[in-house]
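Report on the following structure.
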Amino acid sequence: MATHNRQFTHVTVEQSGEPTVMTMAQSILDLPSPGQVTIKVYAAGVNGPDIKQRVGAYPPPAGASQIIGLEVAGEIVAVADDVTQWQVGDKVCALVPGGGYAELVNTYAAHCLPIPTGYSYVQAAGLPETFFTVWGNLFIRAGLKAGESVLIHGGSGGIGTTAIQMASRLGATVFATSGSAEKCQYCIEQGASVAINYNEEQFVEPILAATQGVGVNVIMDIAGGDFINENLKAIATDGRMVSVAMQRGAQATIDIFRIMAKRVVWTGSTLRPQSVANKAQIAQGLAEYVWPLLNSGKMNIPIDSVFPFSQVVQAHQLMESGKHKGKIVLDLGAQ
């Protein structure tokens, strides 16, 4: 492994709150701690939590880098002495606890996955954060199985696109919502059987009609707010609902009796604060069940936009606009 620290360029936020100013700075990266590797970053994904961290609403967990960025793709340039599954020169994409908007980053070896067959660094950088989120919530927490039905809100975003493809390829019937006719067509193209424009109609009746009044087995919700009670109308008896974001608000008025009558299990999680072991378990599931789909071309997450590293502000503006379909990625090789 490397025996010296390394200087690297990274994004820094000059002030918290709005408006924020993002500029480039230089720092020295520590050597990888036990269980970790150092990655030379060639591309980094842009995600909703990055926006929240930038404005001071989602601080990094204790011990994590203060630099924004949760997913990268690149080449391993150093490994801790106890790491055996990776070596210098391996090309990987990885979930990182922070520090992704940078030329170098340390992360746990168990949170790295090989770059799928035929994928560029830019394509691979758009995988880890959403794939870990979807697998951990939809398949581990909500226990979605082949033959079941699932409703995915926000189907045209990065998480929604990943969830639609993953669920449909693994044998579930997928319903989705999105905010325009164009985005709904996009959801169909990704594998949804039905896509509903929530700006034009309520989603409950179409879901019940499509399921002969039964409702869906699982709901993956990024909306929160007023959608929660509507979800409880659209979910089947013994259904499971998992919350992963709150884009329509963190508070909801809920018909508790409907939860009781339908025996609904409602859970949720955030990814970043979870333990190293939990994230490693998610990575193992992805390697076993999902990476073969990527390697064979049965899954292919679209990239909406690629920005050079110097245009990180514009990348955040697009993320905040909600106009993207698929992933937004920073290309550190395109200056």
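Read the figures in this text as sums done on the coordinates, not as results from a lab. Here the structure is a predicted model, which is why all the values come from computation and not from measurement. As a convention, Cβ positions derive from the backbone with ideal geometry for all residues, glycine included, and neighbour counts pool all protein chains shown.
Per residue, the average separation of C-alpha pairs within less than 8 Å and at least 6 apart gives the chain a relative contact order of 16 percent.
Here the label points at residue 193 and residue 14, each 7 Å from Cα along the C-beta direction, are separated by 5.3 nm in the simple model. For region 155-243, what does the alpha-carbon gyration tensor say about shape, rounded, prolate or oblate, given a ≥ b ≥ c as the root eigenvalues, a/c under 1.5 as rounded, and a/b over b/c as prolate? It comes out rounded by the Cα gyration axes. Note on residue 31/residue 310: beta-carbon distance plugged into 1/(1 + (r/R0)^6) with R0 of 22 Å gives a FRET efficiency of 0.20.
The 3J(HN,Hα) values that the Karplus relation (6.51, -1.76, 1.60; θ = phi - 60°) gives for region 92-105 are, in residue order, 9, 10, 8, 7, 10, x, x, x, x, 7, 7, 6, 9, 8 Hz. Gly and Pro appear as x. Between 46, 11, 134, the residue with the greatest mean-square fluctuation in the GNM of the chain (Cα pairs under 10 Å linked by springs) is 11. With a cut-off of 13 Å between beta carbons, the residues surrounding residue 304 carry a summed charge of +3, where Lys and Arg count +1 and Asp and Glu -1.
Estimated from helical segments only, the mean residue ellipticity of the chain at 222 nm is -7000 deg cm²/dmol, where each DSSP H run of four or more residues counts as -39500 (n - 2.57). Averaging Cα coordinates gives a centre for region 261-323 and one for region 208-226; these two points are 21 Å apart. Shown here are the Rg and Dmax of the Cα trace of the chain, at 19.8, 64 Å.
Annotation for residue 267 and residue 251: the two label points, set 7 Å from Cα along the Cα-Cβ direction, are 2.8 nm apart. Here the chain carries DSSP beta bridges of which approximately 55% are antiparallel, counting only pairs with both residues inside.
Does region 166-322 classify as rounded, prolate or oblate by the C-alpha gyration tensor (a ≥ b ≥ c root eigenvalues; a/c under 1.5 gives rounded; else a/b over b/c gives prolate, otherwise oblate)? It is rounded, given that a/c, with a ≥ b ≥ c, falls under 1.5. Full extension of the chain between residue 22 and residue 321 yields a length gain of 105.9 nm, computed as 0.36 nm times the residue separation minus the alpha carbon distance. For residue 40, list the aspartates and glutamates whose Cα falls under 15 Å from its own Cα; do not include residues on the same chain fewer than 8 positions away. Reachable aspartates and glutamates: 30, 71, 75, 90, 103, 331.
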